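J.: This is the structure, below, for whatever I ask next.
The values are calculated or read from the model by the stated rules, or taken from the named source; none is laboratory data. For clarity, every value in this text was computed on a predicted model and none was experimentally measured. Here the Cβ positions follow ideal geometry from the backbone for every residue, glycine too, while neighbour counts run over all protein chains shown.
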Amino acid sequence: MRLPISLKIFSITTALLALMVVVTWLSVLNFRQLNNQVRALSDYYLPLQQQVASVEILIRQQIVHMERVMAGMEAAKPDADYLAKESNGFDMRGVNADQIVDSSLRFLAEAE
């Protein structure tokens, strides 16, 4: 028994339409997953990366202040005001770094 040509065309068209619906649905699911990943990136990872970079900058500044203190102490006549200023700068960078780390930890706790 042979099927009429109109039924063959209709069945092929229906199969193609079903295939297009499946592909479209998979694309929607992939875009939804991508949207969630981009949102997580912008809401959590990038701010944390900026905070880590700030801590790294503060640590490098602490290293500079410590080297200045050490160089000032090696001088024949150490300047007490200069050493106090550099030591204070070193301590302040440490306090700032600790505050940023605490802020990052609170941010991570909120994210969970």
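J.: Could we say that Gln33 is surrounded by 11 or more Cβ atoms within 10 Å (Cβ to Cβ), outside any loop (DSSP other than H, G, I, E, B) and under 29 Å from the mean Cα position of the chain (by Cα) here? First the steps, then the outcome.
T.: Working: surrounded by 11 or more Cβ atoms within 10 Å (Cβ to Cβ): no; outside any loop (DSSP other than H, G, I, E, B): yes; under 29 Å from the mean Cα position of the chain (by Cα): yes.
Judged against the criteria, Gln33 is not a match.
J.: What number of residues within the stretch 31-72 are acidic (Asp, Glu) and within 30 Å of Lys85 (Cα to Cα)? Reasoning before the result, please.
T.: Taking the stretch 31-72 as the starting set, the residues that turn out to be acidic (Asp, Glu) are 43, 56, 67.
Now narrow it down to the ones that are within 30 Å of Lys85 (Cα to Cα): 56, 67.
Of the residues in the stretch 31-72, 2 are acidic (Asp, Glu) and within 30 Å of Lys85 (Cα to Cα).
J.: Kindly list the number of the only condition in (1) exposed (fewer than 12 other Cβ atoms within 10 Å of the Cβ); (2) at pLDDT below 90 that fails for Glu86.
T.: (1)
J.: Sticking with this one: For the stretch 71-112, what are the residues that are aromatic (Phe, Trp, Tyr) and either within 23 Å of the chain's Cα centre (by Cα) or within 15 Å of Tyr45 (Cα to Cα) (or both)? Please lay out each step first, then the result.
T.: From the stretch 71-112, those aromatic (Phe, Trp, Tyr) are 82, 90, 107; that's our starting set.
Result: Phe107, single match.
J.: Listed residues Leu41, Leu58, Leu3; which is modelled with pLDDT under 95, touching a Ser or Thr at 6+ places or on another chain (Cβ under 9 Å) and not acidic (Asp, Glu)?
T.: Details: Leu41 fails: touching a Ser or Thr at 6+ places or on another chain (Cβ under 9 Å); Leu58 fails: touching a Ser or Thr at 6+ places or on another chain (Cβ under 9 Å).
The unique qualifying residue is Leu3.
J.: Right, here's the next one. Here's a check for you: in the stretch 71-81, which residue that is in a helix (DSSP H, G or I) and either surrounded by 14 or more Cβ atoms within 10 Å (Cβ to Cβ) or charged (D, E, K, R) (or both) is modelled with the highest pLDDT? Talk me through it step by step, then tell me what you get.
T.: Applying the first criterion (in a helix (DSSP H, G or I)) to the stretch 71-81 yields 71-74, 80-81.
Those left that are additionally either surrounded by 14 or more Cβ atoms within 10 Å (Cβ to Cβ) or charged (D, E, K, R) (or both): 72, 74, 81.
Values: Gly72: 84, Glu74: 83, Asp81: 87.
Here the answer is Asp81.
J.: From Arg68, Arg106, grab the single residue that is part of a helix (DSSP H, G or I), loosely packed, with under 15 Cβ neighbours inside 10 Å and either out of contact with any strand residue (DSSP E or B) (no Cβ under 6 Å at 6 or more places or on another chain) or among the polar types (S, T, N, Q) (or both).
T.: Details: Arg68 fails: loosely packed, with under 15 Cβ neighbours inside 10 Å.
Exactly one residue qualifies, and that residue is Arg106.
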